[in-house]
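Written out below as structure tokens is the structure these notes cover.
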Amino acid sequence: MTLLADIWPPFGLTLTTPRLTIRPVLDEDIPAAVAAARSGVHEPGKSPFSTPWAELPDDELGPNMAQWYWRCRANFTPESWTLLLAIWHEDEFLGVQDLGAKNFKTLKTVGTGSWLKQSAQGQGFGKEMRAAVVSYAFDNLKAEVAESEAAVWNKQSLGVSTSLGYELNGISRDGWGDRVETVQRVRLTPENFNRPNWTLKVQGHEELKKYLKL
């Protein structure tokens, strides 16, 4: 029997940490993702995202999220790709961790972003899921650099970055929605990575590696 992952190799990837199962968002996961987002992601009027998607009204949020997941799949190529990975803890959908790259074969550089519903924040999940995708990028994809960014006031995100060994990589002034935001960029290399005290379990990598032509 042919499985969906046989047709679309990214769907076969699963990363497992001591507390989390991390795998691509499937269509059947979208209702859980929307429910998690509707439960609250950040304080009202304090969006940590360059696009304030979590502030959309409920009747717009669901379609917007679904379209984003479908768009990332449709635009996924070896030259430019984004993995949107669902974060599961004991069958509960907590949020999404993304891992993406452009011209990865040459640059060996990945970028990350994420969100967690508010009820899951403050429990170390953000650090655990970032450590997982960075471990995967360095050890399996053989990335040489991992980059991220956050508004300068976003102490939670920057705290995760600092704890994992990221170094400051410049400040920029960007337009986020209808406001101007001062953004701190950060950069991590395998040599500076503060690795977790657990070993990441990976399934489905070889098929994805072949699909990415690495």
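The values are calculated or read from the model by the stated rules, or taken from the named source; none is laboratory data. Since the model is a prediction, treat every value here as computed from it, not as a measurement. Methodologically, a virtual Cβ is constructed for each residue, glycine included, from the backbone with ideal geometry; neighbour enumeration extends over all protein chains shown. Ligands, DNA and RNA are stripped out before the accessible areas are found, and what is left, the full protein with its side chains, is counted by its heavy atoms. Shrake-Rupley method; radii C 1.70, N 1.55, O 1.52, S 1.80 Å.
Computed over protein heavy atoms with a 1.4 Å probe, the accessible surface of segment 1-90 works out to 53 Å² per residue. When Lys209, Lys117 are compared by accessible surface with a 1.4 Å probe, the order from highest to lowest is Lys209, Lys117. Other residues with beta-carbon under 14 Å from the beta-carbon of Thr14 carry, at +1 per Lys or Arg and -1 per Asp or Glu, a net charge of -1.
Pairs of C-alpha atoms in segment 15-141 farther apart than 18 Å represent 53 percent of all such pairs. Per-residue ellipticity at 222 nm from helix content only, as computed over the chain with -39500 (n - 2.57) for each DSSP H run of at least four residues, stands at -9000 deg cm²/dmol. Can you give me the C-alpha center-to-center distance between segment 141-214 and segment 21-54, rounded to a whole angstrom? So the two Cα centres are separated by 19 Å. Computed over the alpha-carbon atoms, segment 84-188 gives an Rg to Rh ratio of 0.97, Rh here being the Kirkwood radius from the mean inverse distance.
Taking a sphere under 15 Å around the Cβ of Leu84 and counting the other residues whose Cβ falls inside, with K and R at +1 and D and E at -1, yields a net charge of 0.
Each listed q (0.14, 0.15 Å⁻¹) maps to a log10 I(q)/I(0) for the chain from the Debye sum over equal C-alpha point scatterers, namely -0.87, -1.02.
Per-residue packing, averaged as other Cβ atoms within 10 Å, sorts the ranges 136-146, 169-179 into the order 136-146, 169-179, beginning with the highest. With a Förster radius of 22 Å applied to the C-beta separation of Ser80 and Gln203, the computed FRET efficiency comes to 0.35. Highest mobility in the GNM of the chain, judged by mean-square fluctuation with C-alpha springs under 10 Å and restricted to Gln97, Gln156, Gln67, is found for Gln67.
What net charge is computed for the residues neighbouring Ser114, neighbours being all others with C-beta under 10 Å from the C-beta of Ser114, Lys and Arg scored +1, Asp and Glu -1? Net charge around Ser114: 0.
For segment 1-153, the carbon plus sulfur part of the accessible surface works out to 52%, probe radius 1.4 Å.
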